[in-house]
Amino acid sequence: DGALKKINGTCQRCGGPNEQACPKLASGYPCRGSFEPDGSNICRPCGGEGQTACRALKAGKQCAQGTHKIDGICQQCGGPDQRACPKLVGGFPCRGSFEPDGNKICKPCGGVGQTACRVLKAGRQCAEGSTSRDGQCVSCGGEGQRACKITDKGKPCEDGLQRGLNGICKITPAGATKKAALAQLEVMGGDILPALQMAVGFNNDSGLQSRLSSEDADPSEEIPTKSLDDQCTGKFNSISVGIGGEVGAIINVEGEAGWVWGCSAKSGLDAGADDETGLKMYTSRSLNIRAGGGASAAFTVGFWKDPANRLRGKSHGYQLDLKNAFDLVKGMKTKDFTDFLKGLEAAQWDATLGMWFERRDEDGDGKDDEVGRFLGFTAAIGKGMGLDVGGAYVKATTTQVCDVDMKCTEGSWQREVAGQSGIIYIENERELSLMASINDGPLEEFTREKKSKRDFFNSDGDRIRFRKNYLQLRYKPTDASEQRLVPIIPPSVGGAWVGTLDNGDPVGLLIESRGEESLSVSINNGTPKTFTRGRFFRRSYKSADEETIKFRKNFKLIRFDDSDGSDGELTPGRGEDIPSSPIGGSVDIAVLGQWEFTVNGNRQTEEFTFQDNNGLTVRRVGTEIDRQYSRIGANEFSSEFGGTFRFVNDTRALWISPDRTTVFQLNRK
């Protein structure tokens, strides 16, 4: 009757909780619902955590939500520190960013130093900024690190970095310039506030811009040059004021009204200026203050390290909204700056800072995109000119109309027609005179004709006349013959150049004579050598001893390589500053002790156990083998196999492989 079942010829209740299991043929299952027979054939609950799993084909799940069948028992799995689930369940043994370890326990995955998550699992194998290598997540995408993979579902390199041809992330010109700009702002701190206040003062003078735009304007009368000079404070050598240009950049091409003043002679006006006050205006109405920000301002004020007549050349900079810069730079967080920002906000003015650096071609790719010397900064005030929070990277090329005051005519000039003799060497240019050597004769003074700024005469009446924006010279002696000459490249490189190599050695070059294809150079007052110009790079010269001179930055800097792996930057100096000792004659750094370096992610330690004037003894920590290095120069030692240790200072050294293609940096422990 009813729910009774025939079991062994007797009608019995079965299949319910704690009842005897029904015959298997009854409805296909011996127990109803979530029950299964135990070892005594009694129906017991199934499918719950710790219970027997229900039959595979029974209605509903074998195990309750959150549990899975493992060895016939329903168990929690796949979560943190839980057993891994069977691989067939959901396709993965662990949920989320977890993977089974050697004991099949779910542990975190995807973080740096952790096991990489499965390739096909939802999300990334490794966290952003890391990638899978040999099944482990390692950092990627940072400066000097390998680029992340396409499969990592993100950028190959961090913002401000780009993937190099060798797969290593290197900083972009924009990233390097921004980094240098913020570092410079940190150093300067409140020193930029006077420039901002000056720009505000100019903008508040409603009639000043129109007066300066007049053809008859005399900037020395319109702009308070004495107040400009007071702002130099010995840190800058010139100040520029741009009128009506775009915001926040360096002095650029001709076109807009702009002026630049040298600070007082005490602050470093270029030697030889005839104006005793040191407030000489250069190239009126030939300079344009502009940038790539796209907004306009009445005035842009610039403070420059170089004298007013030496602002030519390539540069790049980073422009920042003043509020953004204030948030990023600790050195600017002063009460005066806070008050200044509040005043700008109340007046509804915006302010933009531009930090400017020379453009260099350090890696030899011909692009001039590395960050060089800090040139100066600009401050612009206007309305509706705020930049994006991230700022803007800007390239610029500074040009100034050539003038004797610019000293752009110094150097050697030769006949225009190839093969014809005739050379004039010019130096010590001043506003009213210059010194010239005619055809290798003694230097003699030529004085400027009052009626013409381009005509100079010596005491015999011989004339030098500059033409075509000072790109051509006509020499007319009193015998009525005439020579047309053009500058020999490179111009204005004669004389002394001094500096320091990266190994600490002082070095000085005396460039004594120049030809179109060669230089005669004395190194540290040694015997003059001939340096021959390279075939492809027209500013590079090499000696027979493989020493290299490379002119940089509009011929205002030399990169000198001594052929032994040391190089450095040289700038114009005086003959008495050139050292007389040979390169490599300085005292060595004391290096005894342990120095660490990293190879393929593994930290190693070298211990220098002995040092004298002849060499070093070094042993890798953890080994018993001593290696000998002989002294080959100041702070530089080489083994018999060609490997080289170069000690840059008392805390940093370089190891250079015999083929000079591999370099490791060591740091003193």
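The values are calculated or read from the model by the stated rules, or taken from the named source; none is laboratory data. All of these numbers come straight from a predicted model, not from anything done at the bench. Note that each Cβ is placed from the backbone with ideal geometry, even for glycine, and that neighbours are counted across all protein chains shown. Only protein heavy atoms, including side chains, enter the accessible area calculation; ligands, DNA and RNA are left aside. Shrake-Rupley method; radii C 1.70, N 1.55, O 1.52, S 1.80 Å.
Where in the range 650-669 is the amide nitrogen less than 14 Å from a point lying 7 Å along the Cα-to-Cβ axis of Phe597? Hits in the range 650-669 for Phe597 at 14 Å: 652-669. Counting only protein heavy atoms and a 1.4 Å probe, the range 592-653 has 55 square angstrom of accessible area per residue.
To the nearest 10, the accessible area of Ser638 is 20 Å² with a 1.4 Å probe. A simple spin-label model places pseudo-atoms 7 Å from Cα toward Cβ; at Gln76 and Asn103 they are separated by 1.7 nm. Potential lengthening of the chain between Gln665 and Arg627 amounts to 11.8 nm, from the contour at 0.36 nm per residue minus the alpha-carbon distance. Treating r as the C-beta distance of Ala590 and Glu186 and R0 as 22 Å, the FRET efficiency rounds to 0.10. When the accessible area of the range 101-150 is split by element with a 1.4 Å probe, what percent falls to carbon and sulfur? In the range 101-150, the share of accessible area belonging to carbon and sulfur is 51 percent. Between Glu517 and Asn41, the simple label model (points 7 Å from Cα in the Cβ direction) yields a spacing of 11.2 nm. With 5 Å bins beginning at zero, the pair-distance distribution over Cα atoms of the range 93-197 amounts to 2, 13, 16, 15, 12, 10, 9, 7, 6, 4, 3, 2, 1, 0 %. The modelled label-to-label distance for the pair Lys235/Asp134, using points 7 Å beyond Cα in the direction of Cβ, is 5.0 nm. Carbon and sulfur together cover what percent of the accessible area of the range 595-657 at a 1.4 Å probe radius? C and S fraction of accessible area: 43 percent.
Between amide H atoms placed 1.01 Å from N, distances below 5 Å from Gly391 occur with Asp321, all of them 5 or more places distant or on a separate chain. Computed with a 1.4 Å probe over protein heavy atoms only, the accessible surface of the range 92-164 comes to 60 Å² per residue.
Once the Cβ-Cβ distance of Arg454 and Asn613 is raised to the sixth power relative to R0 = 56 Å, the FRET efficiency obtained is 0.40.
Exceedance of the 25 Å cut-off in Cα-Cα distance is limited, within the set Lys155/Lys669; Lys179/Lys367; Lys305/Lys529; Lys179/Lys314, to Lys155/Lys669; Lys305/Lys529. For a Förster distance of 35 Å, can you work out the FRET efficiency between the beta-carbons of Leu432 and Asp577, rounded to the nearest 0.05? Here the calculated transfer efficiency is 0.80.
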